[in-house]
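Trainee: Here's a structure for you.
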Amino acid sequence: MSLHLQARGLGCERDDRWLFKGLDLDIHSGEVVRIEGPNGCGKTTLLKILSGQLSDYQGALFWNGTVMSKARDHFLANLLYLGHAPGIKLGLSPLENLAWYQALSGEKDDEEQRLNALESIGLAGFEEVPTGQLSAGQQRRVALARLTLTPRALWVLDEPFTAIDRNGIADLERQLVAHAKAGGCVLVTTHHDLPASPLLRQVALG
Amino acid sequence: MIAVKATLLRDLTLLLRRRGEILNPLVFFALVITLFPMAISPDPALLAIIAPGLLWVAALLAALLSLDSLFRSDYDDGSLEQLLLAPHSLAALSLAKVAVHWLLTGLPLALIAPLLGVMLSLPTGSYAVLALSLALGSASLSLIGAIGAALTVGLARGGVLLSLLVLPLTIPVLIFGVGAVQAAIVGSGVAAHLAILGALLAASLMLAPWAIAASLRISING
């Protein structure tokens, strides 16, 4: 299925300062779109607007040609959002964290899948350790395991490479491109330079 | 439905692993009640008159104290964003969180209240009504309080504001809760008071989840 997220004339004002104004954006299946720009230029805000969390903005959003407010359910059913804060409970084990996400996304309870997702992200052997005892990079990996766990077409990732080691970054880059090749789309902010690929498109803010 | 159950289980597990947070309101409740006989007078006749009010006010404040943390950790670690973006009714998901709050705060408060009632020489015969009225009333308190907690979750120090927002709304629960215990003491019918507490609970069950969901959306927008 081809997906199309469209933004027209997007503008956002914070504290009497325009973060961006008149921004047009088209994101299709099979694309990795990287939003770049200096700190404080509104990358996170843009991602939050595009993922439907903020309503305080100008302009219009369309999902597959329908106004977002009417297509919201379908949009949410296709969205995987990974924010600045990883959304991981430190008091729960990685396995328990993923179990919640599995249920939240409406998937059926499947421990096999959770174990596979953790293994593929390099957390084999840490499944039952309280997440609070893991390193920052490992905690981020628990959140990233959701990419494998929950099949969703549109990935919106805010600085996914934070605290991830070099091998992990290379793996994640491959995963993003593979997802786009398989017909998904990826919207990502990062300061890390992604390797050139015909699927990659850069959008500069600020 | 799976998501609601999973949220319920997740919150229960989390709170049961941090027992301190469950004990805090109970300890506060017990401390306040212990101080009254010392500060006012150990005279059983006097204490018996004021006991229902004292127990209810202390339980109300203890429940209020624990409300601030209801959505706080979810807000801080980003789980709240994920809750909002889940393809489920946010009202149902927040109801699961409120249910956990009641199970681990309101219900324990209702269960230890009769014990503390002994300390205030609450007349026999009113203990069951005290526990029942607190169990019913604290469920309404959790629901009403969650609206305030959702509205103030984005503020760094929302504790005081939360109490200011929520306290006026809890007055009816307080009045009929105390009324039920007093009616039990004088031997008149408690059914009417309990029925009104039940009605308040039914009304908050119906309306509060939507208000909580809307408040969470406002907070995350800010």
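The values are calculated or read from the model by the stated rules, or taken from the named source; none is laboratory data. Owing to the predicted nature of the structure, the values given are computational and were not obtained by experimental measurement. Glycine also receives a Cβ, built like all others from the backbone with ideal geometry; neighbour counts cover every protein chain displayed. Accessible surface areas use protein heavy atoms only, side chains included; no ligands, DNA or RNA. Shrake-Rupley method; radii C 1.70, N 1.55, O 1.52, S 1.80 Å.
Trainee: In segment A:168-197, how many are modelled with pLDDT of 90 or more and open to solvent by 60 Å² or more (accessible area, probe 1.4 Å)?
Mentor: Adding up the residues that qualify gives 4.
Trainee: Now a separate question. Pull up segment B:17-60, narrow it to residues that are within 30 Å of A:TYR101 (Cβ to Cβ) and free of Cβ contacts under 8 Å to residues at least 40 places away in the same chain, then point me to the one that is least open to solvent (accessible area, probe 1.4 Å).
Mentor: It comes out as B:GLY20.
Trainee: If B:LEU95 passes every condition in (1) open to solvent by 10 Å² or more (accessible area, probe 1.4 Å); (2) out of contact with any Pro (no Cβ under 6 Å at 6 or more places or on another chain) but one, which one does it miss?
Mentor: Failing condition for B:LEU95: (2).
Trainee: Sticking with this one: For segment A:146-178, how many residues are out of contact with any Phe, Trp or Tyr (no Cβ under 7 Å at 6 or more places or on another chain) and hydrophobic (A, V, I, L, M, F, W, C)? Talk me through it step by step, then tell me what you get.
Mentor: As a first pass, look at segment A:146-178 and keep what is out of contact with any Phe, Trp or Tyr (no Cβ under 7 Å at 6 or more places or on another chain): A:148, A:151-155, A:157-168, A:170-171, A:173-178.
From the residues that got through so far, the ones that are hydrophobic (A, V, I, L, M, F, W, C) too are A:153-155, A:157, A:161, A:163-164, A:170, A:176-178.
Total satisfying the criteria: 11.
Trainee: Could you give every pair whose Cβ atoms fall below 6 Å, whose first residue belongs to segment B:170-195 and is open to solvent by 20 Å² or more (accessible area, probe 1.4 Å), and whose second residue is of a type in the set (Val, Ile, Thr), counting only separations of at least 6 or pairs across chains?
Mentor: Final answer for the pair search is B:PHE176/B:ILE196; B:ALA184/B:VAL129; B:ALA184/B:VAL190; B:VAL190/B:VAL129.
Trainee: Among (1) part of a helix (DSSP H, G or I); (2) within 14 Å of chain A (Cβ to nearest Cβ); (3) of a type in the set (Gly, Ala, Ser); (4) over 30 Å from A:ASP73 (Cβ atoms), there is one condition B:ALA48 misses while meeting the rest; what is its number?
Mentor: The one condition B:ALA48 does not meet is (2).
Trainee: Of B:LEU8, B:LEU65, B:LEU55, which residue is more than 16 Å from the chain's Cα centre (by Cα) and part of a helix (DSSP H, G or I)? Working first, answer last.
Mentor: Numbers: B:LEU65 fails: more than 16 Å from the chain's Cα centre (by Cα); B:LEU55 fails: more than 16 Å from the chain's Cα centre (by Cα).
It is B:LEU8.
Trainee: Tally time: how many residues in segment B:1-11 are open to solvent by 40 Å² or more (accessible area, probe 1.4 Å) and either within 17 Å of B:PHE71 (Cβ to Cβ) or among the aromatic types (Phe, Trp, Tyr) (or both)?
Mentor: Going through segment B:1-11, the residues open to solvent by 40 Å² or more (accessible area, probe 1.4 Å) turn out to be B:1-2, B:5, B:8-9.
Still in the running and either within 17 Å of B:PHE71 (Cβ to Cβ) or among the aromatic types (Phe, Trp, Tyr) (or both): B:8.
Result for segment B:1-11: 1.
Trainee: Follow-up question, since we're still on this one. Which one of B:ILE212, B:ILE147 is open to solvent by 10 Å² or more (accessible area, probe 1.4 Å) and part of a helix (DSSP H, G or I)? Spell out the reasoning first.
Mentor: Values: B:ILE212 fails: open to solvent by 10 Å² or more (accessible area, probe 1.4 Å).
Residue meeting the stated conditions: B:ILE147.
Trainee: Among the residues of segment B:105-118, is any touching a residue at least 60 places away in the same chain (Cβ under 8 Å), open to solvent by less than 20 Å² (accessible area, probe 1.4 Å) and of a type in the set (Val, Ile, Thr)?
Mentor: Yes, segment B:105-118 has at least one match.
Trainee: For segment A:141-191, enumerate the residues that are in contact (Cβ under 8 Å) with a residue 24 or more places away in the chain, in a helix (DSSP H, G or I) and hydrophobic (A, V, I, L, M, F, W, C).
Mentor: Correct list: A:VAL142, A:ALA143, A:LEU144, A:ALA145, A:LEU147, A:LEU149, A:LEU172, A:LEU176, A:VAL177, A:ALA180.
Trainee: Would you check which residues across segment B:70-81 are open to solvent by less than 10 Å² (accessible area, probe 1.4 Å) and at the interface with chain A (Cβ under 8 Å from one of its Cβ atoms) and list them? Explain how you work it out, then say what you get.
Mentor: If we filter segment B:70-81 for residues that are open to solvent by less than 10 Å² (accessible area, probe 1.4 Å), which is where we start, we get B:71, B:74, B:78-80.
Matches in segment B:70-81: B:GLY78, B:SER79.
Trainee: The conditions are (1) open to solvent by less than 20 Å² (accessible area, probe 1.4 Å); (2) not in a loop (DSSP other than H, G, I, E, B), and B:LEU122 fails exactly one of them. Which is it?
Mentor: (2)
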